[in-house]
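The values are calculated or read from the model by the stated rules, or taken from the named source; none is laboratory data. Keep in mind the model is a prediction, meaning the values are calculated, not measured. All Cβ positions, even for glycine, are placed from backbone atoms using ideal geometry, and neighbour counts span all protein chains on display.
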Amino acid sequence: MIGIGLMSGTSLDGIDAALVHIEPAGASYRLELLECITQPFDAELAAEIRAALPPQAGTVAAVARLHRSIGVASARAARRVAGAMRVDYVASHGLTLFHDGAAHTTLQVGDPFAIRESLSASVCYDFRSADCALGGHGAPLVPYVDALLLGSPDEDRVALNIGGIANVTALGRQASPHDVLGYDTGPGNMLIDAFVNERSHGERAFDDGGALARAGTPDAALLARLLDDPYFERPAPKSAGREQFGAHVLLRHAAALARLSLEDGSATLTALTVESIARAVEGLRLDAPRILVSGGGAHNRAILERLAERLPTMRVETTAVVGIDVDAKEAIAFALLGYETLRGRAANVPRITGASRAIPLGSIAPFELPELLARMEAECRSL
């Protein structure tokens with residue numbers, strides 16, 4: 001099957017699109033990344049998104065417009081990455097406008113029918129609601145895929161994705177997809193990006209390569225106060241988003257941040273990301289695991305260097321060393337989750353999300369669905 005995975009995360013930088021060839025291989029899958037792109041949000045759409053996100057109040061009309069606009073943008077990204085290739089299905093995560101995992105409430109927008117009509121292909125979407133309906137957080141969902149694609153029979157590993165929010169998956173030797181552990185550790189790039197954007201008056205959107213943090217020194221007193229956030233001590237299952245670690249955190253510590261230079265402020269917020277990740281990894285109690293990093297944070301040298309210093313007995317590498325593009329990994333994951341949706345196979349991990357049982361995820365906007373399912377059944381039968 002040729003599938004497309006679409007992902008727009010909490011960094012709000014655009015839509016990641018991955019074109020993959022995927023086929024079942026025993027209990028796992030063979031997967032080849034054919035193409036990947038990131039389509040940035042245009043300035044007008046980015047402004048509309050930020051106006052609808054907490055702490056802004058937003059309106060129902062704004063949400064409806066965003067649902068359509070993000071669907072159209074997603075269709076454009078899918079069309080670009082597909083090129084001239086015929087696509088069997090698309091799996092779209094959408095853009096999370098609101099997430100409160102503890103209340104089993106989440107909302108991703110991005111009209112799947114706009115994607116379907118653009119590509120003439122079935123679209124899997126709304127992956128989180130089913131888990132929430134059974135008392136789960138609806139997140140994180142990627143640990144299931146981490147176990148399939150990144151697990152090893154020879155060593156313990158940790159899959160670490162650093163987007164706006166950071167999350168970890170514990171991959172013990174020969175861990176099965178439904179036995180893994182994982183959760184959101186807290187902020188990834190979100191607070192760093194917001195601080196740099198604000199302090200540079202919009203001239204910089206992020207700390208490119210971690211250069212600012214590498215030139216600065218963390219403020220120990222402010223770091224300690226940031227680490228006092230009750231989220232870090234909360235037991236799993238837990239999930240986080242802009243509601244926990246958005247720009248309001250910077251406002252809460254505005255006076256302390258104002259006394260710091262751009263470099264020292266960036267270093268302090270980077271240290272928060274590193275320390276919260278390190279504590280989470282230590283809590284997984286694995287045997288000197290290899291840490292495989294993906295997401296935008298994989299390009300931040302300050303995060304990678306300081307994480308390696310903080311966890312000296314562990315190897316900190318990117319998923320590129322095992323053949324997974326760091327920028328495409330989350331989009332690849334949703335392409336695989338879409339395949340599981342079409343197969344009707346359970347793809348949540350209840351011990352991670354808190355759901356009462358494992359269930360199939362996602363809804364389907366069908367296009368010639370019986371024919372697609374018949375080909376998929378034949379493909380699975382030929383194993």
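Residues checked against (1) over 30 Å from L262 (Cα atoms); (2) at pLDDT 95 or above; (3) among the charged types (D, E, K, R):
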| position | (1), (2), (3) |
| --- | --- |
| L149 | yes, no, no |
| A159 | yes, yes, no |
| A170 | yes, yes, no |
| R173 | yes, no, yes |
| P177 | yes, no, no |
| G186 | no, yes, no |
| N189 | no, yes, no |
| N197 | no, no, no |
| A211 | no, yes, no |
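When you scan the stretch 130-214 for strands (runs of 3 or more DSSP E) that lie fully inside it, which ones turn up with 2 or more residues that are of a type in the set (S, T, Y) and in contact with a helix residue (DSSP H, G or I) (Cβ under 7 Å, 6 or more places away or on another chain)?
Those strands (runs of 3 or more DSSP E) span 181-187.
Can you find, within the stretch 334-383, the residue that is nearest to L149 (Cα to Cα) among those that are touching a helix residue (DSSP H, G or I) at 6+ places or on another chain (Cβ under 6 Å) and polar (S, T, N, Q)?
By that ranking, first place goes to N348.
When you check L257 against the structure, is it closer than 29 Å to P143 by Cα and in contact with a helix residue (DSSP H, G or I) (Cβ under 9 Å, 6 or more places away or on another chain), yes or no?
When the stated conditions are applied, L257 does not pass them.
Any residue at all in the stretch 241-253 that's farther than 29 Å from A51 by Cα and touching a residue at least 40 places away in the same chain (Cβ under 8 Å)?
No, the stretch 241-253 contains no residue that is farther than 29 Å from A51 by Cα and touching a residue at least 40 places away in the same chain (Cβ under 8 Å).
Looking at I303, I332, which one is surrounded by 21 or more Cβ atoms within 10 Å (Cβ to Cβ) and more than 15 Å from the chain's Cα centre (by Cα)?
Only one candidate passes the filter, namely I303.
Considering only the stretch 1-53, state which residues are in a loop (DSSP other than H, G, I, E, B) and over 18 Å from the mean Cα position of the chain (by Cα).
Across the stretch 1-53, the qualifying residues are M1, G26, A27, D42.
For the stretch 76-95, what are the residues that are out of contact with any Leu (no Cβ under 7 Å at 6 or more places or on another chain) and in a strand (DSSP E or B)?
G94, L95
Which of the numbered conditions does D16 fail, given that it passes all the others? Conditions: (1) under 25 Å from F245 (Cβ atoms); (2) out of contact with any Cys (no Cβ under 8 Å at 6 or more places or on another chain).
(2)
Going by the conditions given, is Y183 in contact (Cβ under 8 Å) with a residue 60 or more places away in the chain, in the same structural domain as L6 (by TED's automatic domain parsing) and crowded, with 20+ Cβ neighbours inside 10 Å?
Taking the combined requirement at face value, the residue does not satisfy it.
Among the residues of the stretch 253-263, is any closer than 15 Å to E198 by Cβ and of a type in the set (D, E)?
Checked against the condition, which is being closer than 15 Å to E198 by Cβ and of a type in the set (D, E), the stretch 253-263 yields at least one hit.
Could you please find all residues in the stretch 350-383 being closer than 16 Å to E340 by Cβ, at pLDDT 95 or above and not in a helix (DSSP H, G or I)?
A355, R357, A358, I359, P360, L361, G362, S363, I364
Collect the residues in the stretch 57-84 that are among the hydroxyl-bearing types (S, T, Y) and surrounded by 15 or more Cβ atoms within 10 Å (Cβ to Cβ), keeping them in residue-number order.
Result: S69, S74.
If you check every pair at least six apart or on different chains, which have Cβ atoms under 6 Å apart with a residue in the stretch 58-71 that is assigned by TED's automatic domain parsing to the domain that holds L107 and basic (K, R) first and a residue that is buried (at least 21 other Cβ atoms within 10 Å of the Cβ) and modelled with pLDDT of 95 or more second?
Listed by first residue and then by second, the contacts come to R68/D111.
Test A213 against the stated conditions and say whether it is over 23 Å from A159 (Cα atoms) and without any contact (Cβ under 8 Å) to a residue 24 or more places away in the chain. Can you show your working first?
Numbers: over 23 Å from A159 (Cα atoms): yes; without any contact (Cβ under 8 Å) to a residue 24 or more places away in the chain: no.
The answer is no for A213.
Would the stretch 209-224 turn up any residue that is loosely packed, with under 14 Cβ neighbours inside 10 Å and of a type in the set (D, E, K, R)?
Scanning the stretch 209-224 turns up no residue that is loosely packed, with under 14 Cβ neighbours inside 10 Å and of a type in the set (D, E, K, R).
Just one of S294, S276 is touching a Phe, Trp or Tyr at 6+ places or on another chain (Cβ under 9 Å) and not acidic (D, E); which is it?
S276
Can you go through A333, A302 and tell me which one is in contact with a Ser or Thr (Cβ under 7 Å, 6 or more places away or on another chain), in contact (Cβ under 8 Å) with a residue 24 or more places away in the chain and in a helix (DSSP H, G or I)?
Values: A333 fails: in contact with a Ser or Thr (Cβ under 7 Å, 6 or more places away or on another chain).
When all the criteria are applied, what remains is A302.
Of all residues in the stretch 246-283, count the ones that are at pLDDT below 95 and in contact with a Leu (Cβ under 9 Å, 6 or more places away or on another chain).
Total meeting the criteria: 2.
Can E155 be described as among the charged types (D, E, K, R) and out of contact with any Pro (no Cβ under 8 Å at 6 or more places or on another chain)?
Taking the combined requirement at face value, the residue does not satisfy it.
Can you tell me which residue is modelled with the lowest pLDDT among those in the stretch 96-117 that are assigned to a helix (DSSP H, G or I) and surrounded by fewer than 19 Cβ atoms within 10 Å (Cβ to Cβ)?
Per the stated criteria, the residue is A102.
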